[in-house]
């Protein structure tokens, strides 16, 4: 994750001046228009790793899907458009990200739920078929490990955790942690040094 500044994209209340840009993105014969914003991950463009995760994500129409750490909402919004029967929740600890995601959902005419949540805090008692995340590596290993360690509590039996990382810059460790927590972990997509990893709750 490339954004480098004193105020990180995982800050709860960004104080930086709000600067918006607009980008387009295509996925499975759909074209999307997204607002990007300063102080939010994918501040100026569609992130390569996010696009890779979306390309390889295993989704069944009608699933309950959580886009955890949604940034500007790319993954959750695209999935809802392509798989309209899915119930999709976009969540982020960054309140500005939640606001931009809401605008992007409206802009792309999809109905999704937006949750202001520190990791899984807002989802007590909920279970998902799939959790998708491009985790906030700059937040530190403890935060990213928490995403993996707590995921089984919020997944149905047979549910999937799918995440993306650069394999030689933390990805190997995340795959190992997924194996420890779930008893399984495999690579389902790979490009330019990035890998998409998947684990299944038994």
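What about residue 108, is it crowded, with 17+ Cβ neighbours inside 10 Å, touching a residue at least 60 places away in the same chain (Cβ under 8 Å), closer than 22 Å to residue 31 by Cα and over 12 Å from the mean Cα position of the chain (by Cα)?
Details: crowded, with 17+ Cβ neighbours inside 10 Å: yes; touching a residue at least 60 places away in the same chain (Cβ under 8 Å): yes; closer than 22 Å to residue 31 by Cα: yes; over 12 Å from the mean Cα position of the chain (by Cα): yes.
In short, yes.
Annotation note: of 151, 165, 97, the sole residue that is surrounded by 15 or more Cβ atoms within 10 Å (Cβ to Cβ), at pLDDT below 95 and under 16 Å from the mean Cα position of the chain (by Cα) is 97. Could you say which residue among 46, 59, 89 is outside any helix (DSSP H, G or I), within 16 Å of residue 159 (Cβ to Cβ), without any contact (Cβ under 8 Å) to a residue 40 or more places away in the chain and touching a helix residue (DSSP H, G or I) at 6+ places or on another chain (Cβ under 9 Å)? On inspection, the qualifying residue turns out to be 89. Checking segment 177-187 against the condition returns no match, with no residue being within 21 Å of residue 49 (Cα to Cα), in a strand (DSSP E or B) and touching a residue at least 60 places away in the same chain (Cβ under 8 Å). Residues in segment 115-130 that are within 27 Å of residue 157 (Cβ to Cβ), under 15 Å from the mean Cα position of the chain (by Cα) and surrounded by 15 or more Cβ atoms within 10 Å (Cβ to Cβ): 115, 117, 119, 120, 128, 129, 130.
Rundown of residues vs (1) within 17 Å of residue 53 (Cα to Cα); (2) out of contact with any strand residue (DSSP E or B) (no Cβ under 9 Å at 6 or more places or on another chain); (3) without any contact (Cβ under 8 Å) to a residue 12 or more places away in the chain; (4) part of a helix (DSSP H, G or I), yes/no style:
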residue	(1), (2), (3), (4)
126	no, no, no, no
135	yes, no, no, no
146	no, yes, no, yes
153	no, yes, no, yes
158	no, no, no, no
162	yes, no, no, no
174	yes, no, no, yes
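The values are calculated or read from the model by the stated rules, or taken from the named source; none is laboratory data. Computed from a predicted model, the values in this text were never measured in an experiment. Here Cβ is always computed from backbone atoms with ideal geometry, including for glycine, and neighbour counts include all displayed protein chains.
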